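A quick write-up on the structure given underneath.
Nothing in this text is a laboratory measurement; each read-out follows from the coordinates by a stated rule. None of the values given here were measured: they were computed from a predicted structure. Neighbour counts run over all protein chains shown; Cβ positions are idealised from the backbone, glycine included.
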Amino acid sequence: MDVDLLVIGWGKAGKTLAGLAAAQGQSVALVERSPKMYGGTCINIGCVPTKDLVVSAERRRPDEDPAEAFRAAVVERDELIGKLNAANHAMLERPEVTLVDGTARFVGPRTVAVETTEGEQRITGATVVIGTEGRVPWWPADKTTVTLAQVMSHVALDEARHAGHADILCEQIDGQVGLRGPGNNLPGWDAGRWEEYVQRIERIAAGRHGAE
Ligand SMILES: Cc1cc2nc3c(=O)[nH]c(=O)nc-3n(C[C@H](O)[C@H](O)[C@H](O)COP(=O)(O)OP(=O)(O)OC[C@H]3O[C@@H](n4cnc5c(N)ncnc54)[C@H](O)[C@@H]3O)c2cc1C
């Protein structure tokens with residue numbers, strides 16, 4: 001199947017883009033690996049169910065049996081999830097959108113294969129949106145699944161460390177630190193004070209690497 005927009009994952013991001021593209025008349029295929037996840041993490045296992053339980057706990061009367069109140073809260077939560085899940089499905093039941101149940105895996109730059117109950121289906125999108133969590137296979141097993149926010153924080157911290165190292169090199173070459181402005185931003189120490197300072201830093205660095 002060839003479509004204008006192929007969306008993998010029925011989360012907040014995927015469903016919004018799929019709906020917008022369909023409203024513009026584009027052909028859309030949306031692949032979701034689990035029927036329990038129509039609508040994504042937020043409404044099925046994330047934001048909404050957790051807040052619903054909190055509200056139920058706050059509403060519990062002091063004379064209610066806690067175990068019974070919890071059971072009732074879980075039933076109420078599951079009913080709410082069911083309604084939202086169905087409503088999310090209904091929202092995208094439209095002629096421009098093909099909904100595909102199964103796990104997408106890339107077999108080409110813009111083509112995925114999906115194992116469905118009717119066998120393997122191949123879908124190619126002129127535009128492909130990956131609306132799923134990611135995986136970093138070489139990270140520890142409990143950290144392998146990552147969100148975009150985690151990856152971005154990681155990259156930002158990495159970049160900051162490398163920029164810091166580059167800064168230190170630069171400072172040694174041009175004899176100035178920090179932002180450029182009037183002066184070189186360095187304290188007006190004499191040579192002896194600088195020598196003492198450099199030795200102290202070197203002692204700390206060597207100590208940290210076990211050389212002392
Ligand atoms: C407990 C909890 C509480 C939260 N509370 C809040 C809150 O109060 N407020 C808030 O703003 N955010 C909250 N979040 C975060 C919020 O749920 C996420 O930010 C949001 O759901 C991310 O949306 P998404 O579209 O990126 O991905 P998701 O909603 O996670 O959707 C990704 C979808 O892709 C599917 N998928 C994955 N791989 C494949 C594949 N290979 N093929 C096909 N389908 C695939 C998954 O089954 C899933 O349905 C909470 C999250 C959790 C876990």
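Worth a mention:
- Relative contact order for the chain: 22 percent, from Cα pairs under 8 Å spaced at least 6 residues apart, divided by residue count.
- Two-decimal log10 I(q)/I(0) for region 148-208, as the Debye equation yields it once each C-alpha is a single scatterer, q = 0.15, 0.23, 0.25 Å⁻¹: -0.67, -1.06, -1.11
- For the peptides 73-85, 17-29, residues were scored by their other Cβ atoms within 10 Å and the scores averaged per peptide; the highest-first order is 17-29, 73-85.
- The string of couplings for region 185-201 from the Karplus curve (6.51, -1.76, 1.60, θ = phi - 60°) is 6, 9, x, x, 7, 7, 4, x, 5, 5, 4, 4, 5, 4, 4, 4, 4 Hz, one whole number per residue in order, with x for Gly and Pro.
- Neighbour cut-off at most 14 other Cβ (10 Å), DSSP loop, trypsin sites (Lys or Arg not before Pro), region 138-201: Arg180
- Taking Cβ atoms as reference points and 9 Å as the exclusive limit, the residues near Ser27 contribute a net charge of -3, counting Lys and Arg as +1 and Asp and Glu as -1.
- Vicinal HN-Hα couplings computed from phi for region 39-56 (Karplus, 6.51 cos²θ - 1.76 cosθ + 1.60; Hz; Gly/Pro x): x, x, 4, 4, 7, 9, 9, x, 3, 5, x, 5, 5, 4, 5, 4, 4, 4
- With a simple spin-label model that places each label point 7 Å from the Cα along the Cα-to-Cβ direction, the separation between Asp78 and Leu53 comes to 1.4 nm.
- Our coupling estimate for region 132-143, obtained by passing each phi through the Karplus curve with A = 6.51, B = -1.76, C = 1.60 and θ = phi - 60°, is 10, 5, x, 9, 10, x, 8, 7, x, 3, 7, 10 Hz, Gly and Pro reported as x.
- CD proxy at 222 nm, helix term only [per DSSP H run n ≥ 4: -39500 (n - 2.57); per residue of the chain; nearest 500]: -16000 deg cm²/dmol
- Whole-Å distance, taken between Cα centres, linking region 82-127 and region 34-77: 29 Å
- In whole angstrom, the chain maps to an equivalent ellipsoid with semi-axes of 52, 29, 17, each derived as √(5λ) from the alpha carbon gyration tensor and ordered largest first.
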